[in-house]
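Just so it is clear, none of the values below were taken in a lab; they were calculated from the coordinates. Nothing here was measured: the structure is a model prediction, and the numbers come from that model. Every residue, glycine among them, receives a Cβ derived from its backbone with ideal geometry; neighbour counts consider all protein chains shown.
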Amino acid sequence: MLKWQTTEQRGYILGRLIDIAHACCKLQNYETVVQIVSGLEKASISRLKQSWLKVSQKSCARLEKLRAIFSPMENWKTYRTQLSTVEPPAIPYLGLILQSLIFTEDGNPNRIPPHQLINWYKHVLLGQILEQIRRFQGFNYPITVVNPIVDLFKLDNFTPRSDKQLFEESLLLEPRITEEELKALKLEEQRKQQLEKNVKPENRTQRQQKQKERHTEKQIHRIASGQELSRIDKKPPKEKRKILQENCSSIPGNESIPQNDKNSPNSDLPLSTSFPTKNKKRKKKKNQLLIIFQ
């Protein structure tokens, strides 16, 4: 995260990490979700206010939902409740299981005085904790292994750094700012997002309109050169009529001409009748259609 120099790059990486955590939560890979959320909450990452402003609202909402599920409040009550209802395959958070094992082992004696009886309740608790691991063993995900992606996680050249070093690098990337400066940056980012929302639909509409105009020009050119008629001749009679009617309606000036109006000046032309099969009559009607389209 801290190797990227611009706020846009860091904001993009933050959004991608949140999306990965959201996808892992859907796959019930809770171990990876906790690792990503915990990494984003480190002081060296959470203090990057300018980079967090570049994260979309959708990704921020997903992160808040994940924080609520994997909150350590009330001994991870929300996560424990969700884990008890899921079906394999799933990967539970192993750190919480190890923590529960240690607390159960250290907080309960092996024998109960004065008769030094075996503390059976302690072993029942240990069995319930180990059952959480055993319940998800033996189930595989239906996912194809992609070796190039697996190689990315080997981290051969990775050198771990202390929290102090990471925090110093974070300060070099984004020095401390006041609350007023942060509010000004938020307003500027909101203004940019609003401008993007207003501009994009207009550009999209203009592009679609230009594409329609170019398509109409190409269609008129094909009809005038006879290419469209050679394509129509290969169609059955019903499809021929449909294509011709669409071409007539797409040419400027022909939209208001009724197709079956007897009073129309072009009513004697065979736009709505079936095409004859004889070559002589077909050539004659081609010439009539070319007159209309020109």
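Extension gain residue 38-residue 153, at 0.36 nm per residue separation less the Cα-Cα distance, in nm? Spell out each step's value before the answer.
On the way: separation 115, 0.36 × 115 = 41.40 nm, distance 1.81 nm.
Separation in residues times 0.36 nm, less the Cα-Cα distance, equals 39.6 nm.
Would you please give the FRET efficiency between residue 111 and residue 60, computed as 1/(1 + (r/R0)^6) with r the Cβ-Cβ distance and R0 = 35 Å, to the nearest 0.05? The value I calculate is 0.10. A full extension of the chain between residue 135 and residue 67 corresponds to an added length of 22.0 nm, given 0.36 nm per residue minus the alpha carbon distance.
How much FRET efficiency would the formula 1/(1 + (r/R0)^6) give for residue 104 and residue 31, where r is the Cβ-Cβ distance and R0 is 22 Å, rounded to 0.05? Let's see the in-between values first.
On the way: r = 21 Å, r/R0 = 0.94.
Plugging the Cβ-Cβ distance into 1/(1 + (r/R0)^6) gives 0.60.
Sparsely packed loop sites in segment 115-163 (the chymotrypsin sites (Phe, Trp or Tyr not before Pro) outside DSSP H, G, I, E and B with at most 13 other Cβ atoms within 10 Å) comprise 139, 153, 158.
What is the sum of charges, Lys and Arg at +1 and Asp and Glu at -1, for the other residues whose Cβ falls under 14 Å from the Cβ of residue 27? Please list the in-between numbers first.
Numbers: positive: 26; negative: 19, 31, 87.
Net charge around residue 27: -2.
Label sites at residue 176 and residue 191, each approximated as a point 7 angstrom past Cα along Cα to Cβ, lie 2.8 nm apart.
How would you rank 22, 115, 123, going from fewest to most other Cβ atoms within 10 Å of each one's own Cβ? Walk me through the numbers on the way to the answer.
Working: 22 17, 115 6, 123 13.
Result, fewest neighbours first: 115, 123, 22.
Here the spin labels are modelled as points 7 Å beyond Cα on the Cα-Cβ line, and at residue 3 and residue 144 they lie 2.9 nm apart. Taking GluC sites (Glu not before Pro) across segment 1-66, the ones in a DSSP loop with at most 11 further Cβ atoms lying within 10 angstrom of their Cβ are 41.
I need 159, 6 ordered by Cβ neighbour count within 10 Å, fewest first. Mind dumping the intermediate values first?
Numbers: 159 5, 6 12.
Fewest-to-most Cβ neighbours within 10 Å comes out as 159, 6.
Computed extension gain for residue 85 through residue 210, at 0.36 nm per residue and net of the alpha carbon distance, reaches 39.6 nm.
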